[in-house]
Amino acid sequence: MKNAWATLTLATCLCAFAVVFSEWLFFATKPSFLSVTSSGGKLVVMLAAAFPVLVAGLAVLLPLWLLAQLGPRVDRVVRAIACVFPSVLLGGLSVLMADNFTTTVFQRGMFSLVRGVGLVYFAAGLVVAALTYRALYRYANANPPRGSLRAQGVAIVALVLVSAGSLLLVSRPPTLAAQEVESVGRTPNILLLGFDGVNANNMSAYGYARDTTPNLERWLNRGLVCENNFSNAAHTGSSIASMLTGTLPTRNKLIHPPDILSDEFAYRHLPGILRELGYYTMDSSVRHFADPYDLNIRAGFDEANGRSLPNTRAARSMTRLLGQPSVYLLEQTIDRVSQRTARVFQGAQHVSPMDEVREADSKGVNDPTRLANLIQFLRDAPDQGRTPFFVHAHFMRTHGPRFASPNPVYSVGVEQSADWMRDYYDDAIRENDAVFARIMDELENTNLADNTVVILHSDHGMNYQTRDRLPLVFFFPGGEHRGRIGVNTQNLDIAPTILDYLGSTVPDWMSGQSLLRDEPDPRRPIFAVRRTRHTRFEGERRLVDDTKVSAPFYSLGGVRMTVCHRTYLLTLDQRRLVAAEIRRHTAPCELSQVPTPVEAGGLIVDHLRDMGYDVSSLRPPFRIENH
């Protein structure tokens with residue numbers, strides 16, 4: 001029955017290919033990590049991603065075919081079993097396609113509906129699988145047309161060869177961070193605590209009149225306090241990726257979802273270096289907006305938000321073979337399938353990613369849950385061999401636009417009738433302060449404090465601003481390097497400072513500088529990005545609208561440059577430059593040391609040119625506004 005096995009092999013290959021094609025089509029026709037890829041590049045990604053799936057399908061059939069050689073009776077039973085694999089693939093594909101269709105067209109899918117509807121999706125998939133099995137079994141046991149064996153063989157070979165041939169066209173990841181790591185003199189634990197959207201101007205530790213950070217003030221004399229620190233991006237994902245890679249968003253091109261890190265930026269980062277130095281690396285943040293796997297930080301974290309991606313030699317070889325975009329497509333497909341399976345069979349509760357960001361008391365992984373998980377990690381780490389550790393924890397209570405506080409002080413008796421209300425925001429900062437105190441106390445209680453570096457920072461200002469000062473405080477063991485830095489610093493300086501403290505050479509691809517040596521030049525320009533105003537909601541996420549953006553700037557909407565106490569924002573589509581003074585800056589410069597608005601516009605354009613952008617559309621003069 002050679003024709004029967006040829007039919008089963010072709011059906012398996014086609015169904016496997018169809019699963020990859022369906023998911024690729026879903027990402028290729030909506031704002032996604034493929035948005036800035038050329039049409040030819042998108043096709044290569046799909047074909048390369050299909051290759052391991054095709055090989056897996058053939059690998060399943062091979063032992064069954066070998067068993068079938070034992071005799072006609074065995075052959076008939078084994079062929080019946082072999083029909084299951086393509087049938088299940090096609091049934092699963094029908095569920096994914098239905099979910100993709102309803103999500104794209106109606107903005108409603110398995111996650112947006114009640115659990116019972118998810119069972120309807122699954123039941124429909126079972127029906128498709130059963131019908132497919134019946135038809136395939138009959139066809140495989142029927143007398144095939146003359147010449148069908150050769151035709152099927154040619155189709156199978158062509159499908160595999162085209163997929164394999166695409167591997168010659170994929171881009172290969174460059175040198176990994178591991179090859180640039182030197183031995184270091186010390187390896188303390190490192191705890192990077194991020195509090196979303198916090199302005200230093202609203203913290204009593206930075207001179208605010210309200211007592212919003214009493215616990216931080218108790219610790220402040222032990223830390224290295226950066227009085228005038230600034231973000232490099234107005235949005236969380238871009239800011240965190242920039243901080244961890246030590247590269248500006250204008251260089252790594254991650255501005256706003258669906259952007260992800262690619263090429264060398266996916267591998268060159270602080271957690272990757274620390275992992276090679278023997279650190280156990282863990283991330284506790286929020287999916288889609290701050291999660292390192294979603295941002296495509298490769299080989300950096302042992303675990304992130306309860307998930308782990310393999311960092312074995314086989315996994316790295318797979319990435320080199322298929323290319324980063326194809327591997328990312330497969331990972332996202334597996335993640336989407338596993339989430340939907342958990343939704344149907346385990347009743348896993350779905351929480352909108354947007355709700356997790358906007359709602360302080362989200363039903364998903366909220367701040368109390370993150371804190372509890374972190375405390376448990378700190379207690380267990382020594383006994384589980386997870387030291388030294390590098391933990392990045394990002395807390396969302398102060399994100400907004402609405403805030404919640406279980407212990408209100410300033411918002412008592414005040415109705416939260418509008419977004420970004422100061423009383424509620426200040427109470428949320430007090431909650432952050434309590435979280436900070438709980439973590440510092442736990443380090444003391446677990447005897448980790450004397451060998452742990454703690455860094456407190458924020459990703460951007462309130463309401464996604466980059467013009468306001470942000471908190472940045474380093475706590476080194478024994479109060480080492482305690483003091484204050486008055487000149488401007490940036491989140492980009494965090495990674496170089498950590499590496500310098502360990503005694504490691506700072507890689508030349510990191511754009512920031514260590515704050516443990518000479519103070520930065522007060523006239524050093526600090527650049528920050530903001531997304532384009534052209535966005536839209538895809539399901540429950542706000543993404544850049546790829547139908548309204550194009551080269552050369554795509555998701556980039558504006559670039560801010562801060563020098564001393566002056567800041568300048570150039571909006572790229574409006575060709576408008578807004579100049580302003582930074583509120584409560586503690587170390588203003590002489591006016592002769594800061595650029596004029598005209599000079600600032602030219603410096604921003606030069607920066608974009610240096611980062612590889614085509615700036616021919618940004619010829620001065622710009623419309624200048626002074627605020």
Hydrophobic long helices for the chain, i.e. whole DSSP H runs reaching 24 angstrom or more by Cα along the axis with Kyte-Doolittle mean at least 1.6, come out as 39-68, 148-165
Region 1-75: Rg/Rh from Cα coordinates, Kirkwood Rh?
1.18
If you put +1 on each Lys and Arg Cβ and -1 on each Asp and Glu Cβ, how big is the dipole of region 416-487 around its Cα centre, in Debye rounded to 20?
360 debye
Given H placed 1.01 Å from N in the peptide plane, which residues other than close sequence neighbours of residue 394 have an amide H under 5 Å from its amide H?
194, 284, 285
Evaluate the charge dipole of the chain about its Cα centre and quote only its size in Debye, nearest 20, assuming +1 on the Cβ of each Lys and Arg and -1 on the Cβ of each Asp and Glu.
2580 debye
From the protein chains alone at 1.4 Å, what is the descending order of accessible area for 162, 453, largest first?
162, 453
Whole-number percent relative contact order across the chain, with pairs defined as alpha carbons under 8 Å at least 6 apart
18 percent
Given the DSSP H assignment, sum -39500 (n - 2.57) over each helix run of at least 4 residues in the chain and divide by its residue total; what's the result at 222 nm in deg cm²/dmol, nearest 500?
-13500 deg cm²/dmol
For residue 556, what residues show an amide H to amide H distance below 5 Å, using hydrogens built from the backbone and excluding near sequence neighbours?
532
Inverse of mean 1/r across different Cα pairs in region 394-485, Kirkwood, Å
15.1 Å
Quick one: if you stick a label point 7 Å off each Cα along the C-beta vector at residue 465 and residue 126, how many nm between them?
5.6 nm
For region 396-403, just list the computed ³J(HN,Hα) in residue order, Karplus coefficients 6.51, -1.76 and 1.60, θ = phi - 60°, integers in Hz, with x standing in for Gly and Pro.
10, 4, 9, 5, x, x, 10, 10
Restricting to DSSP loop positions (anything but H, G, I, E, B) with no more than 13 other Cβ atoms inside 10 Å of their own Cβ, which GluC sites (Glu not before Pro) remain in region 386-493?
415, 480
On the accessible surface of the chain, probed at 1.4 Å, how many percent belong to carbon and sulfur atoms?
55 percent
Over region 434-518, what lengths in whole Å, largest first, do the semi-axes of the equivalent ellipsoid take, defined as the square roots of 5 times the eigenvalues of the alpha-carbon gyration tensor?
23, 20, 11
Can you list which of the GluC sites (Glu not before Pro) found in region 175-278 are DSSP loop residues with at most 13 other C-beta atoms within 10 Å?
182
Return one whole number: the accessible area per residue of the chain in Å², for a 1.4 Å probe.
42 Å²
So between residue 516 and residue 186, what do we pick up on full extension, going 0.36 nm a residue minus the alpha carbon distance?
117.2 nm
Once the Cβ-Cβ distance between residue 155 and residue 317 is put in as r, and R0 is 45 Å, what FRET efficiency do you end up with, to the nearest 0.05?
0.95
Restricting everything to alpha-carbon atoms, can you work out Rg to Rh for the chain with a Kirkwood hydrodynamic radius?
1.02
Rel. contact order, % - alpha carbon contacts under 8 angstrom, at least six apart, region 486-627
19 percent
Rough spin-label spacing in nm, given labels placed 7 Å along Cα→Cβ, for residue 524 and residue 134
7.1 nm
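The values are calculated or read from the model by the stated rules, or taken from the named source; none is laboratory data. The model shown is predicted, which means the values in this text are computed figures rather than measured ones. So basically every Cβ, Gly included, is an ideal-geometry build from the backbone, and we count neighbours across all protein chains shown. The protein model used for the area step is the full one, side chains on, heavy atoms only, and it has no ligands, DNA or RNA in it. Shrake-Rupley method; radii C 1.70, N 1.55, O 1.52, S 1.80 Å.
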